[in-house]
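See structure below.
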Amino acid sequence: MMDVALAGGTAQPVPSQRLFSGAGLLALPLIVLLAVVYVCPVGVMLADSFTDPQPGLQQYQRMIEHPVYLQVLARTFRLAVVVTAATAICGFPVAYYCTIARPAVARIALGLLFVPFWASTVVRTYALMVILGRTGILNGALLWAGLISRPTQFLFHTATVQLAMVQILLPFFVLPVYAGLRTIDLSLLSAAEGLGAPPWQVFRRIYLPLSLPGLFTGALIVFVFCFGFFITPTLLGGRRDVTIAMVIMAQFEGQLDWGFGAALSTVLLACTLVAVLMMLRVAKQDSNR
Amino acid sequence: MNMAADLGFSGAGVRSGTCLVLDRLTRSYPDGTVALRGLSLSVPAGRIVSLLGPSGSGKTTTLKMIAGFDKPDSGSITLAGRDISRTPPHMRDIGMVFQNYALFPHMSVFDNVAFPLRMRHRARRDIETVVQEALALVELQGVAARLPRQLSGGQQQRVALARAIVFRPQLLLMDEPLGALDRQLRKSVQSELKRLQRQLDLTVVYVTHDQEEAMFLSDEIAIVQNGQIVQCGAPAALYDAPESVFVAGFLGESNFLGGTLAEAGAGRAIVTLPDGRQMRGRSAAPMSAGRAVSVLIRPEKLQVHVASRAPGREVNVLAGRIDLVNFLGGAVEYEVDLDGPRLTARVHLRASAATFAVGDPVVLHVEPQDCLVFPTP
């Protein structure tokens, strides 16, 4: 409530000003909660990966000996890259449109973007199955229109998984990008145009570089989500769309091999961290240039 | 500076002829506001012409039209003999300094200044030389590698100027470029700008709402009101012979006395003030007797005398009492109560000048040629 009031008001924020002394303490419950439900389990997971069933590196050794695990990891990485890129290409124009549209129109557009959030990812994924399935709406429509003579299987393809993930992750991308684009001073675009830049150059040399911080934030969120995506690939994907999260799940639930599951989780965590650090580095270099 | 001349950076003497012609520009917006109502203006080459007017008068819209960021509903824009009314901004060859400078925050000072040259596909070596030259002109050689946010406001202003002139555009547009600078700095930048304009023989259209700045900088001032130019001319001409109460009131400080026209003819006018006193002056426009008029008197044209030693004239002598004394440094301003109307007189302080205190009875005198009579709008 307070946040809303502060954000909506015209009061100038003063950096040193505080709501009241000790306001920072209010963050304490969340910090404690994070420590208990996040830091502790990660610690346990790390420890398990080196100690279960006996101390040593044998779980990691097993991962290297069976290339299938690294293949799954590489496939997950590829999926994350493709989905992130596709989300960026689809989402950037939407975010841009929201910055140039009249405020009322922009509000509606952003609102529509969030309508899917009213339903959970599981429901939305099942909805796609209803649409894309052999007896689904899409097949029905195509048959009725006479474009196909018998039902086609749209499910269980990599492209289907990617499409669904883009659809689910789009709002997570559009919001930070929109926030970033709104800070760009539009007079810079006029200035560039007046100095002799045709529209394409204005975009490439001024608008795009200035929108990179927002783009990176959006892409990072989407990428990290992708890396751990589970429900959508499980329901919509074929046998070749197994992600690392699905393998990990299988270790804990199916094989009951907690040590190996922990080791795979550790590698996933490490890969995510490396990817994030690399992206942050690129973003920083770019903003310094 | 000589180097600049060698490379063809500075102009080859004062050009003659007309650089820019705006012909009956009109513009209205879907919400019903009318920004321009047939605005016409001619800008001679090698001159600074200021558009001066209150906010909302249409001066910024005019500048946008010239730059190409907005299109007129009707009318034409001609730059160096070429109709550019439908030319997109990036093909117009016009430099512009924005109010907020609009420096590209992600580019160094060098890259900002090089931008227009790169857009024109100039050779890399040329760019290096010409950019350094432009930075030298605005005395910023040392900061080429810095980002705009690492510069002071005055330095940013100079980068914006360098960027706008580096490609030697036909015309330079400036939209209140000194608005964000403090008073001291503004004065020195104005002088610098005037020097650069002469040196490079630039043609400048300058938008401002600051009349002092306009008078200081301009070869010509165009007063904009309600989307039209109401008067255009050299600053001194506008100051001495404004054609309307609006222009008189907008340019310089003014006293207005309301009255009725008693007699008029051949540029002369006699005005009866409400208290029966009569004033002689010049008429600014043909008017018939009996009309309500305003008499304009500039503060520095009023002479202040001790009441007991009135000048030996009967014309334009007004008795009153000092009501306020404002010390201005080199001059002093007396606000004189004339038993109803009030006049402000500005007197330059010389050793011989008499000084007055609040409450002193005084007599004001003004020469008839310094009283300009307007029809009251």
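The values are calculated or read from the model by the stated rules, or taken from the named source; none is laboratory data. This structure is a prediction, so every number in the text was calculated from the model and none was measured. Every residue, glycine as well, gets a Cβ built from its backbone with ideal geometry; the counts of neighbours run over all protein chains shown.
Side notes on the structure shown:
- Of the residues examined, A:GLY91 is not one that is small (Gly, Ala, Ser) and loosely packed, with under 14 Cβ neighbours inside 10 Å.
- Residues (surrounded by 18 or more Cβ atoms within 10 Å (Cβ to Cβ), in a helix (DSSP H, G or I) and either at pLDDT below 90 or not assigned by TED's automatic domain parsing to the domain that holds B:GLY38 (or both)) located in the stretch B:191-212: B:GLN211
- When B:ASN226 is tested against the conditions (1) in contact (Cβ under 8 Å) with a residue 24 or more places away in the chain; (2) out of contact with any Lys or Arg (no Cβ under 9 Å at 6 or more places or on another chain); (3) surrounded by fewer than 18 Cβ atoms within 10 Å (Cβ to Cβ), the lone failure is (2).
- Of the residues making up the stretch A:206-235, those that are within 14 Å of chain B (Cβ to nearest Cβ) and under 12 Å from A:GLY91 (Cβ atoms) are A:SER211, A:GLY214, A:LEU215.
- Residue in the stretch A:187-208 that is within 30 Å of A:THR121 (Cβ to Cβ) and of a type in the set (Phe, Trp, Tyr) present: no
- Of the residues making up the stretch B:36-56, not a single one is charged (D, E, K, R) and within 14 Å of chain A (Cβ to nearest Cβ).
- If you filter the stretch B:82-92 down to residues that are touching a Ser or Thr at 6+ places or on another chain (Cβ under 9 Å) and buried (at least 16 other Cβ atoms within 10 Å of the Cβ), you find that the one that is nearest to the other protein chains (Cβ to nearest Cβ) is B:PRO89.
- Some residue of the stretch A:236-248 being more than 10 Å from chain B (Cβ to nearest Cβ), modelled with pLDDT of 90 or more and in contact with a helix residue (DSSP H, G or I) (Cβ under 8 Å, 6 or more places away or on another chain): no
- Members of the stretch B:173-190 that are without any contact (Cβ under 8 Å) to a residue 40 or more places away in the chain, under 22 Å from B:GLY53 (Cβ atoms) and not in a helix (DSSP H, G or I): B:LEU178, B:LEU181
- In the stretch B:81-98, the count of residues that are closer than 25 Å to B:LEU238 by Cβ and within 18 Å of the chain's Cα centre (by Cα) is one or more.
- Single residue of the stretch A:190-199 satisfying the filter (closer than 22 Å to B:LEU161 by Cα and in a helix (DSSP H, G or I)) that is farthest from the other protein chains (Cβ to nearest Cβ): A:ALA192
Let's see how each residue does on (1) surrounded by 24 or more Cβ atoms within 10 Å (Cβ to Cβ); (2) away from chain B (no Cβ under 14 Å):
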residue: A:GLN162; (1), (2): no, yes
residue: A:LEU169; (1), (2): yes, yes
residue: A:PRO176; (1), (2): no, yes
residue: A:THR183; (1), (2): no, no
residue: A:LEU188; (1), (2): no, no
residue: A:GLN201; (1), (2): no, no
